[in-house]
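Q: One structure coming up, written as structure tokens, with questions to follow.
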Amino acid sequence: MKVLFMLTNAPAWANGARTPEYAPDRPSDFADFARAASRRYPEVLHWMIWGEPSRSNNFKPFVKQPLGTPITAAQKRAPRRYARLLDAAYGQLKAQRRTNLVIGGNTYVTGEVRPGAWMRAMTLPDGRRPRIDLYGHNPFSFRNPSLRNPPSGQGLVDFSDLGRFGRDVQRVLGGPRRKRVRLFLS
């Protein structure tokens, strides 16, 4: 059995004295914590960056995306802020140990920003994509899983959508050199 650590929440000193689900003001503070945790726990090689940040109760600040609507500029702020945390943590975790695997995205079937929209909106200020080894997704829903099912619709991504979603993740996050980005199911 392999152990995975999920780094989530921020202390009040790092996020302007807000509740823990608010992202830290400086991604470097989160990244420094990630590196310290990796140094403290060298046997852990899988690092998940924040749990289901596409849900407003898990990651703030946040603007919800109503069902069936395209993502707006205001709704892109959370995935872009998350991308900065993810990329900074990736850099520090890899600097500590090249064999660390960084799991990012970590979307949920529904989420207040749909999984595909969240993944496509994860960009850094210069337009690049954050560095990532595995894209995390929670595909559990009430629908019986079958890869032959039609798409869930309205941007939802459950087990039946994983083939399509995996190809989309690879196309968007694989980068210009087509780095292999596989799905990590949580």
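Q: Pull up the stretch 95-119, narrow it to residues that are in a strand (DSSP E or B) and touching an Asp or Glu at 6+ places or on another chain (Cβ under 9 Å), then point me to the one that is surrounded by the fewest Cβ atoms within 10 Å (Cβ to Cβ).
A: Here is the first cut: in the stretch 95-119, the residues in a strand (DSSP E or B) are 101-108.
From the residues that got through so far, the ones that are touching an Asp or Glu at 6+ places or on another chain (Cβ under 9 Å) too are 101-104, 106-108.
Values: L101: 18, V102: 24, I103: 22, G104: 29, N106: 29, T107: 29, Y108: 25.
This residue is L101.
Q: Residues of the stretch 23-72 being hydrophobic (A, V, I, L, M, F, W, C) and loosely packed, with under 13 Cβ neighbours inside 10 Å, which ones?
A: Start the filter on the stretch 23-72 by keeping residues that are hydrophobic (A, V, I, L, M, F, W, C), which leaves 23, 30-31, 33-34, 36-37, 44-45, 47-50, 59, 62-63, 67, 71.
A36, L67, listed by residue number.
Q: So for the stretch 165-186 (the condition being part of a strand (DSSP E or B), closer than 15 Å to N106 by Cβ and of a type in the set (G, A, S)), does at least one residue qualify?
A: Step one: of the stretch 165-186, the residues part of a strand (DSSP E or B) are 182-185.
Keeping just the survivors that are closer than 15 Å to N106 by Cβ gives 182-185.
Retained after the next criterion (residues that are of a type in the set (G, A, S)): none.
No, the stretch 165-186 contains no residue that is part of a strand (DSSP E or B), closer than 15 Å to N106 by Cβ and of a type in the set (G, A, S).
Q: So for the stretch 46-60 (the condition being touching a helix residue (DSSP H, G or I) at 6+ places or on another chain (Cβ under 8 Å), closer than 19 Å to T19 by Cα and either free of Cβ contacts under 8 Å to residues at least 12 places away in the same chain or of a type in the set (F, W, Y) (or both)), does at least one residue qualify?
A: yes
Q: Could I ask something else about it? On the basis of being in contact with a strand residue (DSSP E or B) (Cβ under 9 Å, 6 or more places away or on another chain) and of a type in the set (V, I, T), does T99 make the cut?
A: On the way: in contact with a strand residue (DSSP E or B) (Cβ under 9 Å, 6 or more places away or on another chain): no; of a type in the set (V, I, T): yes.
Judged against the criteria, T99 is not a match.
Yes or no, residue by residue, for (1) under 19 Å from V102 (Cα atoms); (2) not in a loop (DSSP other than H, G, I, E, B):
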position	(1), (2)
T19	no, no
D29	yes, yes
A34	yes, yes
A37	yes, yes
W47	yes, yes
G51	yes, no
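Q: Do we find that Q65 is touching a helix residue (DSSP H, G or I) at 6+ places or on another chain (Cβ under 7 Å), in a loop (DSSP other than H, G, I, E, B) and more than 17 Å from Y135 (Cβ to Cβ) in this structure?
A: Numbers: touching a helix residue (DSSP H, G or I) at 6+ places or on another chain (Cβ under 7 Å): yes; in a loop (DSSP other than H, G, I, E, B): yes; more than 17 Å from Y135 (Cβ to Cβ): yes.
Yes; evaluated as a whole, the condition is true for this residue.
Residue by residue, here is whether (1) among the hydrophobic types (A, V, I, L, M, F, W, C); (2) touching an Asp or Glu at 6+ places or on another chain (Cβ under 6 Å); (3) closer than 17 Å to A83 by Cα holds:
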position: M6; (1), (2), (3): yes, no, yes
position: A23; (1), (2), (3): yes, no, yes
position: D32; (1), (2), (3): no, no, yes
position: S38; (1), (2), (3): no, no, no
position: W50; (1), (2), (3): yes, no, yes
position: P53; (1), (2), (3): no, no, yes
position: N58; (1), (2), (3): no, yes, yes
position: V63; (1), (2), (3): yes, no, yes
position: G68; (1), (2), (3): no, no, no
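Q: Continuing with the same structure: Can you confirm whether P70 is out of contact with any Pro (no Cβ under 6 Å at 6 or more places or on another chain), modelled with pLDDT of 95 or more and part of a loop (DSSP other than H, G, I, E, B)? Even if it seems obvious, please write down each step before you answer.
A: Working: out of contact with any Pro (no Cβ under 6 Å at 6 or more places or on another chain): yes; modelled with pLDDT of 95 or more: no; part of a loop (DSSP other than H, G, I, E, B): yes.
Spelling it out, it is not the case that P70 is out of contact with any Pro (no Cβ under 6 Å at 6 or more places or on another chain), modelled with pLDDT of 95 or more and part of a loop (DSSP other than H, G, I, E, B).
Q: List every residue pair whose Cβ atoms sit under 6 Å apart, with the two residues 6 or more apart in sequence or on different chains, where the first one lies in the stretch 120-143 and is outside any loop (DSSP other than H, G, I, E, B) and the second, anywhere, is basic (K, R).
A: A121/K76; L134/R182
The values are calculated or read from the model by the stated rules, or taken from the named source; none is laboratory data. No experiment lies behind these values; they were computed from the predicted model shown. In this analysis, Cβ positions are derived from the backbone assuming ideal geometry, glycine residues included, and neighbour counts consider all displayed protein chains.
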